[in-house]
1. Find the residue count for region 217-244, including only residues that are within 17 Å of residue 206 (Cα to Cα), hydrophobic (A, V, I, L, M, F, W, C) and at pLDDT 90 or above.
2. Tell me the residue from 152, 177 that is open to solvent by 10 Å² or more (accessible area, probe 1.4 Å) and either hydrophobic (A, V, I, L, M, F, W, C) or more than 25 Å from residue 213 (Cα to Cα) (or both), please.
3. Taking only pairs six or more apart or across chains, which ones have beta-carbon atoms under 6 Å, a first residue in region 457-484 that is closer than 20 Å to residue 298 by Cβ and open to solvent by 70 Å² or more (accessible area, probe 1.4 Å), and a second residue that is modelled with pLDDT of 95 or more and polar (S, T, N, Q)?
4. So which residues in region 445-476 are farther than 24 Å from residue 339 by Cα and either out of contact with any helix residue (DSSP H, G or I) (no Cβ under 9 Å at 6 or more places or on another chain) or among the charged types (D, E, K, R) (or both)?
5. Looking only at region 278-313, filter to residues that are in a strand (DSSP E or B) and open to solvent by 40 Å² or more (accessible area, probe 1.4 Å); which one of those is modelled with the lowest pLDDT?
6. Looking at (1) within 17 Å of residue 294 (Cβ to Cβ); (2) open to solvent by 30 Å² or more (accessible area, probe 1.4 Å), can you tell me which one residue 423 breaks?
7. Give the residues of region 331-356 that are in contact with a Ser or Thr (Cβ under 7 Å, 6 or more places away or on another chain) and either acidic (Asp, Glu) or over 22 Å from residue 470 (Cα atoms) (or both), sorted by residue number.
8. Does residue 379 satisfy the condition of being open to solvent by 10 Å² or more (accessible area, probe 1.4 Å) and either of a type in the set (Lys, Arg) or touching a strand residue (DSSP E or B) at 6+ places or on another chain (Cβ under 9 Å) (or both)?
Amino acid sequence: MRQNIVFVSFFFTLLIGTAHTAPILGSPEAKKGGVFRYNLPATPPTLNPITARDNYSITVKYWLAESLLDRHEETYEWMPVLAEKYSISKDKKEFTFDLRKGVKFHDGSELTAEDVKFSFEVERLDLYQTAAEGAIQTEWLEKIDVLDRYKIRFRTKKAIFSNFDQIATHSILPKTIYGDKEKVASLNKTVVGTGPYRIKEYQPNTKLLLEANPDWWGRGLPEYHHKYNFAQILVRFIMEDQVKLEMLETGDLDYAGLKIDQYLARTKGKRWGKDVFAVRADYQAVFTTQTSLFWNLRLPQFQSKRTREALQLLLDRNLINEKIRGGLSSLAIGPWSNFSYYADPEMKPTPFDPKRARELLREEGWRDSDGNGILDKEWEGKKIELKFNLNYALRDWEKYFSIYQEELKKSGVRMEMQYLDWNLFLKQLDELNFDAYIVGRGYPGVIDFNPKNEWHSARTAKMDNNTIGYKNTAVDKLLEQAELEYNREKRAKLLRKAYRLIAEDYSQLQLLNESFAVYAHSSRIKKPVNNYKYSQGLDYWWIETGK
């Protein structure tokens, strides 16, 4: 689901990207070696980059598979990765890339333009059953020409502003591995890429051990001299918060993400500030994700916009924010982050107003006709009740939504909370088998994102990105116009209108936005900065010698 202020200008008639002048990051004090012990809250459903659709799988993939270009963490300009240079045609439909020579995949084979072409066409082949995301990313490609062993040209059907980003950041994989029908079934537990790390050992639900790739092409380049310093990365899959915190305190973990309430509490613990450190990282420029509760808009109880508005009015977000998050969050307003350039700055968050909510429910015909404490009404000749199951894959949401559950009950709405294993949670979303779900969703690390895949009415099928089934013809038109607009200011006007319309449809239950991230690391870890402008900067960390 890789769903950007653009510093690479698309307004020239021809853009050629070659040598970069961005500052070299990291610290000359950085040392190579050591085992970095990292935590993910769940085992990725698959390691196969072609079918990976969740953030856990994508986190692992980042160390193992690479793309043609990447963004500089401090300037956001395009940096060469597998491609050394590129050009963009006058009509903005054609992109040509010159590949690095001598780049090796983890299996020892050399990267060629044929591998790049395959990586974009594999989703169209009858090899993988769950490649919906990839198909969405590449369906706008008209033609891919291999010009020689190390040069490739892409031609797109339309001049969509996000086309170049999609191509530049797409994972490149070896055709000999991922195009082999005999090997497809075994690829869920491995990644064969060109990245700085490769898989040494994998035990699902227990651990994933990565080791530095000795043949990685970037090791001798100055811009990578202080990057990827760990000899090994040991990824644990610890979901239980208490276990994770204890492992941080005892030194069995070097890194784990924190929740706001953990950050507020643990900065005062006796080991915190000495053996383990809690850090607030402020890189608001890339905070384009937010957490919301998403309705299945196909269900009868969620058909009415005023019913959905009432459900929003019953959520006391100020209480949740103060009680659980120390007042550090802001109330979400629309379909993507308040901090995005594409959010309407004139909009205000929906307040907590139970009285108005109950008025709206009555106006919509909801009554407790049988005295069971649950509102009901007639729908297409049948009685339906205003109740739903809320699916979630992180137990932390229980303390947030137990507050909401009680408020709903006072108004005759029944919500049952249902915790699911991460893999089952994703499976039910893919199959559209849910009433409502809570999750963080957005465009991590991408500033000028294209929200069409998540909100256009043509994207509502199984395995597609508009999971909730949202449909609005006016929004469709705005999204279609916006993706063809290369002028950022004009595009923002279109997307802000779409933002307002989606918000006014109450298509999701707005929760909270963050303007920073919090994490913890052990005293073994050294780092040049707490974070860069557009990245946490974890790839520049190192382990202090002797620890």
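The values are calculated or read from the model by the stated rules, or taken from the named source; none is laboratory data. Since the structure is predicted, the reported quantities are computational estimates derived from the model, not experimental observations. All Cβ positions, glycine included, derive from the backbone under ideal geometry; neighbour counts span all protein chains shown. Accessible surface is based on the protein model in full, side chains and every heavy atom, while ligands, DNA and RNA are left aside. Shrake-Rupley method; radii C 1.70, N 1.55, O 1.52, S 1.80 Å.
1. Residues meeting the conditions: 6.
2. On inspection, the qualifying residue turns out to be 177.
3. These pairs meet every condition: 471/457.
4. Hits for region 445-476 are 459, 460, 462, 464, 471.
5. Kept after step one, since they are in a strand (DSSP E or B), are these residues of region 278-313: 278-281, 289-295.
Remaining after also requiring open to solvent by 40 Å² or more (accessible area, probe 1.4 Å): 280, 289.
Details: 280: 85, 289: 67.
The residue in question is 289.
6. (1)
7. Result: 339, 354.
8. The answer is no for residue 379.
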